[in-house]
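Structure first, commentary second.
Every read-out reported here was derived from the displayed coordinates using simple, explicitly stated rules and does not represent laboratory data. Since this is a predicted model, take the numbers as computed values, not measurements. Cβ placement follows ideal geometry from the backbone for every residue including glycine, while neighbour counts extend to all protein chains displayed.
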Amino acid sequence: MKKYILALALSFSFVSISVADTTPTPTETARGIVNALQLNEAQYLRIKNLITVRMEELRSGKTEVTAVDEKFTAALLQLLNAEQQKTYQAFVKAHPLPQIAQAK
């Protein structure tokens with residue numbers, strides 16, 4: 001009986017872990033973009049800041065997701081040259097930006 005209860009408790013712990021929020025941090029997201037586009041450290045810091053602002057706006061739930069993403073994309077494209085912009089467009093198609101669960 002003890003083994004059964006222990007196994008049940010262990011299975012519940014695995015379920016709770018798998019349901020946990022797995023949204024990447026702004027640092028992880030920025031590093032992925034920077035590595036794909038081969039950007040410098042100054043561009044990394046600006047992109048990380050843009051991602052942080054994007055995540056905060058999405059979590060607040062005050063603005064539509066599409067509006068936040070359009071604003072983010074416009075600000076990001078201003079930081080990049082023409083070749084980097086093309087590479088970014090291809091990168092986003094293959095690796096969409098993470099969505100944040102909005103607070104209700």
Taking the condition surrounded by 15 or more Cβ atoms within 10 Å (Cβ to Cβ) and under 12 Å from residue 98 (Cα atoms), does residue 29 pass?
yes
Can you name every residue in region 39-77 that is in a helix (DSSP H, G or I) and acidic (Asp, Glu)?
41, 56, 57, 69, 70
Are any residues in region 32-65 of a type in the set (S, T, N, Q) and either buried (at least 17 other Cβ atoms within 10 Å of the Cβ) or under 16 Å from residue 89 (Cα atoms) (or both), and if so, which ones?
35, 38, 43
